[in-house]
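One structure below.
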DNA sequence: CACGATGATGTTACCGAGTCACATCGCTTA
DNA sequence: TAAGCGATGTGACTCGGTAACATCATCGTG
C-alpha cells in the first residue's frame with residue numbers, strides 16, 4: 001500500500017502499472033499483488049471491511065433506549081477511535097491522490113456507501129424502520145467523512161474522535177434547521 | 001443500450017463481452033461501441049448527464065425566497081417529469097441487472113453521488129452554505145431513488161412525479177423526527 | 001453531374017488489468 | 001530426512017480500452 005501510494009503520487013494512478021507496484025513493494029510480481037488485493041484500486045482502500053465491522057458492532061452494542069442518532073454517534077466514536085495518530089499523514093497523502101482520479105473517486109464513493117449501508121442494516125437490526133435508519137446512517141457517514149478530511153488536512157490538530165463528534169453535532173443542527 | 005440490457009439479462013454482465021453487445025446492436029464492432037460509451041458499464045447509465053443539467057437548471061430557476069428544500073423539491077419535480085411512462089419497464093429491467101453485479105452497483109452509486117453533488121453546487125450558487133446545501137441535496141437524492149425504485153417496480157402505478165413528491169415528504173418528515 | 005468534405009464505421013495492432021494452471025522455493029514439523 | 005504447506009513465480013490467456021489508419025456512404029456545392 002505504501003509502495004502504491006508513493007508511485008501514484010509520483011506518476012499518477014493511470015501511469016502506474018500493477019507490476020510496478022509489486023516490484024517496488026519488495027521485488028514481487030503482479031500475481032502476488034492480486035492475491036492480496038481484488039483489483040488495482042483496492043490497494044488504497046483495503047481494510048475498510050474492518051470499519052464495517054466496527055460500526056456494526058458499536059450500533060448493536062448501544063444501550064436499548066438509545067435513539068438511532070445516539071447509536072450512530074456511538075458508531076462514529078468507535079470508528080474515529082480506530083484511527084491512531086500515526087495514520088493521519090497517510091490520510092493526508094491519500095485524499096489528493098483519490099481526488100485526482102475518476103476511478104479512485106468512484107471506489108471511494110462506493111466505500112462510503114458501503115459504510116452507510118452497514119450502519120443502516122445495524123440500525124434495522126435494532127428495530128429502527130428502514131427510512132429513519134438510512135437517514136440516520138447517512139447523516140453519520142456525512143459527518144465522519146467531513147471530520148476525516150479535516151483531520152487529515154490539519155497535522156497536529158485535534159484527534160479524529162473529537163472532530164467526528166463535533167462534525168456530527170453540526171450536521172444534526174444543520175439538518176434540524178432545514179425545516 | 002437495449003442490446004446490452006438484453007444480453008446482461010440473458011447471460012449476466014460478466015459473461016457478456018463488448019463485442020457481443022456491438023454485434024447484437026446491428027452488426028457493429030467493439031470499436032464503435034467505445035465511440036459512444038466511455039466504458040462497458042456506461043451503456044446502462046448513459047444520459048444521466050442530462051439529469052445533472054435538469055436539477056442544476058431547476059434549482060437555479062427556483063424563486064429567490066425559496067428555501068433549500070423547496071429548491072430541491074423543484075429539482076425533483078423536473079427530474080421526475082423527465083421520465084416518460086414508456087421508460088418505466090426499462091427501469092424495471094435495469095434495476096435487477098445492476099443489483100446483480102458489483103461493478104454496476106459501484107457505477108450506480110457514483111451516479112447517485114454525482115446527482116447529489118450537482119444539486120449541492122446549484123444550491124451553493126444560490127448562496128446556501130455548504131453543509132445545509134449538501135444535506136438538502138442528499139435528502140432529495142434519497143427521496144428520488146426511493147421513488148424511482150417504487151415507480152419501476154409497479155407497472156401501472158402512479159407517475160414518477162407523484163411518487164417523488166410523496167417520497168420527499170416522507171423523507172423530510174422522517175428527518176425531522178430524528179431529533 | 002462530379003467533386004471534395006464529413007461523419008460513421010471497420011481493421012489491425014497494441015497495452016494493461018485480471019485469471020488460471022502449474023511449478024518452485026523455503027520453512028516447519030513429524 | 002522427508003513430507004507438507006504457505007507464499008511466490010511463470011507463462012499463457014481473455015477481455016476492456018486506445019490509437020492510427022483505411023474505407024465507405026452521404027451530402028452540399030460548384
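Derivation of every value follows stated rules applied to the coordinates shown; laboratory data play no part. Keep in mind it's a predicted model, so treat the numbers as computed, not measured. Virtual Cβ from ideal backbone geometry, glycine too; neighbours counted across all protein chains shown.
Percent relative contact order of segment B:84-137, based on C-alpha pairs within less than 8 angstrom and at least six residues apart?
On the way: 20 pairs, mean separation 12.9, N = 54.
Dividing the mean separation by the residue count of segment B:84-137 yields 24 percent.
Using only Cα atoms, locate the centre of segment B:9-26 and the centre of segment A:54-130, then give the distance between them in Å, rounded to an integer.
37 Å
Label position 7 Å from Cα toward Cβ: report the copy-to-copy distances for residue A:57 in nm, one decimal, ordered from shortest.
Once sorted, the set of distances for residue A:57 reads 5.2 nm.
Run the numbers for residue B:31 and residue B:49: contour at 0.36 nm per residue of separation, minus the present Cα-Cα distance, in nm.
Working: separation 18, 0.36 × 18 = 6.48 nm, distance 2.25 nm.
Taking residue B:31 through residue B:49 to full extension adds about 4.2 nm, to one decimal.
Sum -39500 (n - 2.57) across every DSSP H segment of at least 4 residues in the protein assembly as shown, then divide by the residue count to get the 222 nm mean residue ellipticity, nearest 500.
-23500 deg cm²/dmol
Suppose a student asked you for the relative contact order of segment B:60-179, using Cα pairs under 8 Å spaced at least 6 residues apart; what percent would you report?
Values: 98 pairs, mean separation 40.9, N = 120.
It rounds to 34 percent for segment B:60-179.
Find how much the distance from residue B:90 to residue B:60 grows on full extension, using 0.36 nm per residue of separation minus their present alpha carbon separation; answer in nm with one decimal.
7.8 nm
Ignore the peptide's own chain and count Cβ atoms of other chains within 10 Å of each Cβ in B:103-110; give me the average, rounded. Can you show the working numbers first?
Details: counts 3, 0, 3, 9, 3, 2, 10, 9.
Partner Cβ neighbours, averaged per residue: 5.
For A:135-148, what's the mean count of beta carbons from other chains sitting within 10 Å of each residue's beta carbon?
On the way: counts 9, 4, 0, 6, 5, 0, 1, 4, 1, 0, 0, 3, 0, 0.
Mean inter-chain Cβ contacts per residue within 10 Å come to 2.
To the nearest whole number, what is the average tally of beta carbon atoms from other chains within 10 Å of the beta carbons of peptide A:172-178? All intermediate terms of the calculation are to be shown ahead of the outcome.
Details: counts 3, 2, 8, 10, 4, 2, 11.
The per-residue average across the peptide is 6.
Would you mind calculating the relative contact order of segment A:9-119 from Cα pairs under 8 angstrom and at least 6 residues apart, reporting the percent as a whole number?
On the way: 60 pairs, mean separation 32.2, N = 111.
Reported as a whole number, the value is 29 percent.
Need one number: nm distance between label points at residue A:105 and residue B:2, each 7 Å from Cα along Cα→Cβ, rounded to one decimal.
3.4 nm
For residue B:12, place a label point 7 Å out from Cα along the Cα→Cβ vector, do the same in each other copy, and report the separations in nm, one decimal, smallest first.
Distances between equivalent label points, in nm: 3.6.
For residue A:149, place a label point 7 Å out from Cα along the Cα→Cβ vector, do the same in each other copy, and report the separations in nm, one decimal, smallest first.
2.6
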